[in-house]
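Worksheet: one structure, shown below.
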Amino acid sequence: MASEVSRRRVMGLGAAAAGAAAAASLLPPSLQQALAAGPAAAERGHGHGRGGLGDIRHVVVLMQENRSFDHYFGMLRGVRGYADRNAVRLPGGDRSVFEQPGALGIGTVLPFSVREAAAAQKKDLQYIGALNHEWAGGAKAWRDGWMDNWVTAKTAATMAHYDRQDVPLHYELADTFTVCDAYHSSIHSSTSPNRNHLVSGWTGFEPGSGKRAVGNDAYAEDTHTGYTWPTYAERLEKAGRSWRVYQEWDNFTDNNLEFYATFKAVMKKALAKVGGGVQNMTAFYGKVAAAGEAERKRLQGLLDEGVRALSAADRSLFERALRRGEPDSTATAFAADVAAGKLPEVSYIVPSAADSEHPGSSSPVASATIVYKVLDALGKNPDVWRHTALFLTYDENDGFFDHVPPPVPPKGTEGEFWDGKPTGLGMRVPMLVISPWSVGGYACSQVFDHTSIVRFLERWTGVREPNISAWRRTVCGDLTTAFDFSRGRRQPAVERPGAIPPFSGRWAPRPPREQQLPRQEPGTRPARPLPYQPDADGAYDAQAARFRLAVRNGGRASAHFALYPYAGEYGTPQHRDVLGRADWEVPVKDGAYRFTLTGPNGFRREHAGTAAGAAAAVRIGTRLDAHRRELHLTLVNKGRTDLTFTLKPLAYGDAKVREIRVRAGSTRTVAHSAAAAHGWYDLDLSVAQDASFRRRFMGHIENGKESVTG
């Protein structure tokens, strides 16, 4: 039955998209026309009037299920995917994070194409199955930040990925609007705790116990008494702001508001006349779905009677958060409100299981149907479209591999650890920002998580969410950098996506016998300016057996740095959040060091050397000139030997190799221009007289303006 439903929906999408395909697009023709018209002139003074946010009247959140960023967009041109120059290396430093150790006799597993696996196994590429995505499994794959346990924790299918041919609508949306390639899930775990962060900014503790809410315990709705901390929906309600959850009988238990004590109390009152022990909406609508027509009407009549008996305040909460529509009505109800001018300020769209994109219950192609319908509803109403921001994202990564280690808090950060492990951030998931003010095929590489959606609503409505922790406010942005309200843009040219294949059965992809790293689509894409300006330099202090590292960030937002200790300086990767300057004393054992410091948007500093080397006393100072987009290196030779440095560009067009001779006791400063490379640089520095010495300087110099991805 599920396959028949999915097939009908796929065919429906194919028919609806037929006209769009003729125009080399899978976007609804209505939206294409709206994009061609361009956004209306900004209506300053008629909205909220803060930094362009007053041009937005509606925010729509469509959160789907269980896909990682690499799984969907690792092959997408110009994002931090499989061609990432800043990919970390596994312990020991000899292998890339893309070379995952196998398990149970399986050798190294590289990312591999779902489509090629489907051909080899005679399966349909759309319908691979789900993997482990629990708290324990997430921690196992992450392994204290070393990121080397994915296959053991998830099976080899974790490395399977899609590309443009497989998920054409998603790629066209990325090429048309703005994709966020540093957007993370909120926690290393499953659906419910991640959606807690979406609806309340936090996941606290299970009721009646000291256990942290890091799993799907709330799904036991008959016994779960409900989370007691407030939700953002309640804060909107109190502030008089309009909001609504769009959902149907089967909402796949993805409306997390139903798991909070306030809403549980409302639903129990509303269901009081139904009887039969039915105390929650999932149980009620399950009975409705299984009943004949007469019984169905009777049950719905009893519910309506109970709702009428509610207080006005409770009735409002019920209608906004708990009422569910007929099957296949979610997108229809949304479209009706758009057409009637009744779309609330904040809309949460909660699809059914079949539309959810969950790899155990849905598929990318099935989910594309509801996305298409939502886009079509907005496109058919240009005035609504011109003032709407749609966030299309995913609650968690299921068990699918992503190569970017998430920022995690320093040890001891209050409220951000459970069972000795950080609760987040979790792995990257896709995030598409769809709006007239995000058109252009941009990438935004600021760090975000699900609390960023709440913070965007904070900025837009002025309604604050106190549940969001200080650390998350430090490390994550509020998504405003994904927009440009200064000017509108017309739809860019996009490539014609491939045809949507029909449904077939589920399966688990296996890697090919002959493996090679995927070749990400070549090229760059326009990039939003970022609020970071990271830099770092330092020197080895032989007397203290320390490498004294100065970490700097001249941007307006805190930047997260992670240090990977490949010579055993620490047992696990270390983390710092820096706005301004932080001094970091890295212990050096047995007179040798080899560590890498990474930061946002491709920032990287590699350090290697020994106490016995001729360059042991060398200090390398760095300075960024944002105006000229130059990296200045100051080479200080405090040793007794004249040294010859070789500065070699590793990427970004400049192939000029420079030799710099620095006499003992002397200093030389050289400047490397990154202006022609839009601020990108990647330089290797070595010393002829000391093979152990090496530095690598990589990153992007921000100048407050749009750029391109590296």
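The values are calculated or read from the model by the stated rules, or taken from the named source; none is laboratory data. Everything numeric here is computed off the predicted structure, so don't read it as measured data. Because the Cβ atoms are built from the backbone with ideal geometry, glycine has one as well, and the counts that use them run over all protein chains shown. Heads up: the accessible areas ignore ligands, DNA and RNA and are worked out on the full protein's heavy atoms, side chains in. Shrake-Rupley method; radii C 1.70, N 1.55, O 1.52, S 1.80 Å.
Quick one: in segment 674-710, of everything that is within 25 Å of the chain's Cα centre (by Cα) and of a type in the set (A, V, I, L, M, F, W, C), which residue is farthest from D535 (Cα to Cα)? Out of the qualifying residues, it is V708.
Of all residues in segment 545-554, exactly one satisfies the criterion of being open to solvent by less than 20 Å² (accessible area, probe 1.4 Å) and in contact with a Pro (Cβ under 7 Å, 6 or more places away or on another chain), namely N553.
A Cβ distance below 6 Å, combined with a sequence gap of six or more or placement on separate chains, defines the contacts here; from segment 237-251, residues that are over 18 Å from L303 (Cα atoms) and among the polar types (S, T, N, Q) reach residues that are open to solvent by 30 Å² or more (accessible area, probe 1.4 Å) and assigned to a loop (DSSP other than H, G, I, E, B) in the pairs S242/E345. Looking only at residues of segment 333-356 that are among the hydrophobic types (A, V, I, L, M, F, W, C) and not in a helix (DSSP H, G or I), we find that the one that is most open to solvent (accessible area, probe 1.4 Å) is A340. Please specify each residue of segment 374-402 satisfying the condition of being open to solvent by 10 Å² or more (accessible area, probe 1.4 Å) and either within 21 Å of the chain's Cα centre (by Cα) or of a type in the set (S, T, N, Q) (or both). Correct list: N381, N397. Considering only residues that are within 22 Å of W142 (Cβ to Cβ) and in contact with an Asp or Glu (Cβ under 7 Å, 6 or more places away or on another chain), look in segment 574-608 and name the one that is surrounded by the fewest Cβ atoms within 10 Å (Cβ to Cβ). So, considering only residues that are within 22 Å of W142 (Cβ to Cβ) and in contact with an Asp or Glu (Cβ under 7 Å, 6 or more places away or on another chain), the one surrounded by the fewest Cβ atoms within 10 Å (Cβ to Cβ) is T596.
Condition (residue is open to solvent by 50 Å² or more (accessible area, probe 1.4 Å) and of a type in the set (D, E)) applied to segment 205-222: is it met by at least one residue? Looking for residues that are open to solvent by 50 Å² or more (accessible area, probe 1.4 Å) and of a type in the set (D, E), one finds at least one in segment 205-222, hence yes.
Looking at A671, A611, A615, just one residue is over 20 Å from P534 (Cβ atoms) and either of a type in the set (V, I, T) or open to solvent by 20 Å² or more (accessible area, probe 1.4 Å) (or both), and that residue is A611.
The combined condition, being among the basic types (K, R), open to solvent by 70 Å² or more (accessible area, probe 1.4 Å) and at pLDDT below 95, is not fulfilled by R459. Scanning segment 100-109 for residues that are closer than 14 Å to M159 by Cα and either out of contact with any strand residue (DSSP E or B) (no Cβ under 8 Å at 6 or more places or on another chain) or surrounded by fewer than 19 Cβ atoms within 10 Å (Cβ to Cβ) (or both) turns up P101, G102, A103, I106, G107, T108.
Filtering segment 322-335 to residues that are more than 17 Å from L62 (Cβ to Cβ) and not charged (D, E, K, R) leaves L322, P327. Check whether at least one residue in segment 320-328 is under 27 Å from the mean Cα position of the chain (by Cα), at pLDDT 95 or above and within 20 Å of L303 (Cβ to Cβ), and report yes or no. For segment 320-328, residues under 27 Å from the mean Cα position of the chain (by Cα), at pLDDT 95 or above and within 20 Å of L303 (Cβ to Cβ): present.
Yes/no per residue for (1) farther than 19 Å from R244 by Cβ; (2) out of contact with any Leu (no Cβ under 9 Å at 6 or more places or on another chain):
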position: E293; (1), (2): yes, yes
position: Q300; (1), (2): yes, yes
position: L310; (1), (2): no, no
position: L317; (1), (2): no, no
position: G325; (1), (2): no, yes
position: T330; (1), (2): no, yes
position: A333; (1), (2): no, yes
position: A336; (1), (2): no, yes
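Residues that are out of contact with any Asp or Glu (no Cβ under 7 Å at 6 or more places or on another chain), within 21 Å of F547 (Cβ to Cβ) and either aliphatic (A, V, I, L, M) or open to solvent by 40 Å² or more (accessible area, probe 1.4 Å) (or both) within segment 618-646 comprise V618, R619, R623, L631, L633, T634, L635, V636, K638, R640, T641, L643, listed in sequence order. Count of segment 274-286 residues, restricted to those that are surrounded by 15 or more Cβ atoms within 10 Å (Cβ to Cβ) and free of Cβ contacts under 8 Å to residues at least 40 places away in the same chain, is 4.
Filtering segment 675-710 to residues that are assigned to a loop (DSSP other than H, G, I, E, B), touching a Gly at 6+ places or on another chain (Cβ under 8 Å) and of a type in the set (A, V, I, L, M) leaves only I701.
Of V429, V408, V454, V371, all but one fail to be in contact with a Lys or Arg (Cβ under 8 Å, 6 or more places away or on another chain) and open to solvent by less than 20 Å² (accessible area, probe 1.4 Å); the exception is V429.
Do you know which residues across segment 321-332 are assigned to a loop (DSSP other than H, G, I, E, B) and not charged (D, E, K, R)? Those that are assigned to a loop (DSSP other than H, G, I, E, B) and not charged (D, E, K, R): P327, S329.
Restricting attention to segment 297-318, which residues are open to solvent by 70 Å² or more (accessible area, probe 1.4 Å) and of a type outside the set (D, E)?
Kept after step one, since they are open to solvent by 70 Å² or more (accessible area, probe 1.4 Å), are these residues of segment 297-318: 297-298, 305, 308-309, 312, 315.
Those that are open to solvent by 70 Å² or more (accessible area, probe 1.4 Å) and of a type outside the set (D, E): K297, R298, R308, A309, A312, R315.
When T413, T451 are checked against the criterion of being part of a loop (DSSP other than H, G, I, E, B) and among the hydroxyl-bearing types (S, T, Y), T413 stands alone in meeting it.
Given the condition closer than 23 Å to P405 by Cα, touching a strand residue (DSSP E or B) at 6+ places or on another chain (Cβ under 9 Å) and either of a type in the set (S, T, N, Q) or modelled with pLDDT of 95 or more (or both), answer yes or no: does some residue in segment 539-546 qualify? The answer is no, given that none of the residues of segment 539-546 is closer than 23 Å to P405 by Cα, touching a strand residue (DSSP E or B) at 6+ places or on another chain (Cβ under 9 Å) and either of a type in the set (S, T, N, Q) or modelled with pLDDT of 95 or more (or both). Cβ-Cβ contacts under 9 Å between residues 6 or more apart (or on different chains), taken from a first residue in segment 30-46 that is on the phi > 0 side of the Ramachandran plot and modelled with pLDDT under 70 to a second residue that is of a type outside the set (A, V, I, L, M) and open to solvent by less than 40 Å² (accessible area, probe 1.4 Å), are listed as G45/G54. Residue pairs whose Cβ atoms lie under 6 Å apart, separated by 6 or more positions or on different chains, with the first residue in segment 145-156 and farther than 14 Å from E99 by Cα and the second in a loop (DSSP other than H, G, I, E, B), are G145/P405; G145/T572; G145/P573; K154/L131; K154/N132; K154/G399.
Note on segment 66-112: among residues that are within 21 Å of the chain's Cα centre (by Cα) and among the small types (G, A, S), the one that is farthest from R513 (Cα to Cα) is G78.
Would you say V179 is in contact with a Leu (Cβ under 9 Å, 6 or more places away or on another chain), at pLDDT 95 or above and buried (at least 18 other Cβ atoms within 10 Å of the Cβ)? So V179 fits the description; yes.
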